[in-house]
Amino acid sequence: MLTTALAGLTSAAVPALGPGFLDPENLISSFGTAAIIGIVAVVFIETGLLFPFLPGDSLLFTAGALVAQEQLDFPIWLLCVLLFVAAFAGDQVAYLIGRTLGPRVFDRPDSRFFKRAYIDQTYAYFEKYGGRTIVVARFVPFVRTYAPVAAGVGRMSYRHFVTWNALGALLWGVGVTLLGFALGTIPFVKENIEALLVLVVLASLVPMAVEILRARRDRRREAAAAAAALAEAPLSPAAEAVDGTLR
């Protein structure tokens, strides 16, 4: 029965990144009676073990759709709880990897490419935009794998990270699964789920982009004002003497 349902969710349904064996339908089919364990394991591996090639978004959506069609023999609430735990734990592991290994890589004084300044810049970025970055990154393939590592490398506050990580795990791990459960039988949604998620991400990035552009504009204004003030400032007696001598 599961095989029949998966046959209906072919490449015309939820597209996946990578080769065919990483297609969400093929993955779920290969798990057989241990489908729920396999789905949860894939989410944890993608987010926690730095393997970004797994079909996270489409896998969550497809799993939710199959539960709605009663082709997966477990309740949606159980799947959502386990996926939340897997997504949350995965980012925790990735953060600890970045926090533990990051200093060893970046603190080498003779390193040509990895410098302490990179850690300082990353830290400053995550202090300002970190929470939103962790949440938004959940919906972007590859980025969701490495964003928590970067947060660890940048020494983002652990308490701050845990809070936003929990929100991101809820919105992504549970939200996309429930989206599949509710809308997975609608052909247009099934065929365009990744494009729709990208649009959601782009919309969520607009406030951050506006803030970055505003900060850049303010810095330019401050630099122009400082240059104007310097040009209008009266010369000191010593500078006037030098200027008179040169003339």
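Quickly run through segment 163-218 and pick out the residues that are small (Gly, Ala, Ser) and either modelled with pLDDT of 80 or more or in a helix (DSSP H, G or I) (or both).
Result: Ala166, Gly168, Ala169, Gly173, Gly175, Gly180, Ala182, Ala195, Ala203, Ser204, Ala209, Ala215.
Any chance segment 82-89 includes a residue that's surrounded by fewer than 18 Cβ atoms within 10 Å (Cβ to Cβ) and closer than 20 Å to Ala147 by Cα?
Yes, the conditions are met somewhere in segment 82-89.
Write out, first by first residue and then by second, each pair whose Cβ atoms fall under 6 Å of each other, whose residues are 6+ apart or on separate chains, and whose first residue, in segment 33-51, is of a type outside the set (Lys, Arg) while the second is outside any helix (DSSP H, G or I).
Ala35/Leu72; Ile36/Phe74; Val42/Leu54; Ile45/Phe51; Glu46/Leu54
What about Leu49, is it surrounded by fewer than 16 Cβ atoms within 10 Å (Cβ to Cβ) and within 18 Å of Ala147 (Cβ to Cβ)?
yes
Is it the case, given these coordinates, that Ile37 is in a helix (DSSP H, G or I) and modelled with pLDDT of 90 or more?
Answer is yes for this residue.
The values are calculated or read from the model by the stated rules, or taken from the named source; none is laboratory data. Keep in mind that what you see is a predicted model, and the values were worked out from it rather than measured. With ideal geometry, Cβ positions are generated from the backbone for all residues, glycine too; neighbour counts draw on all protein chains shown.
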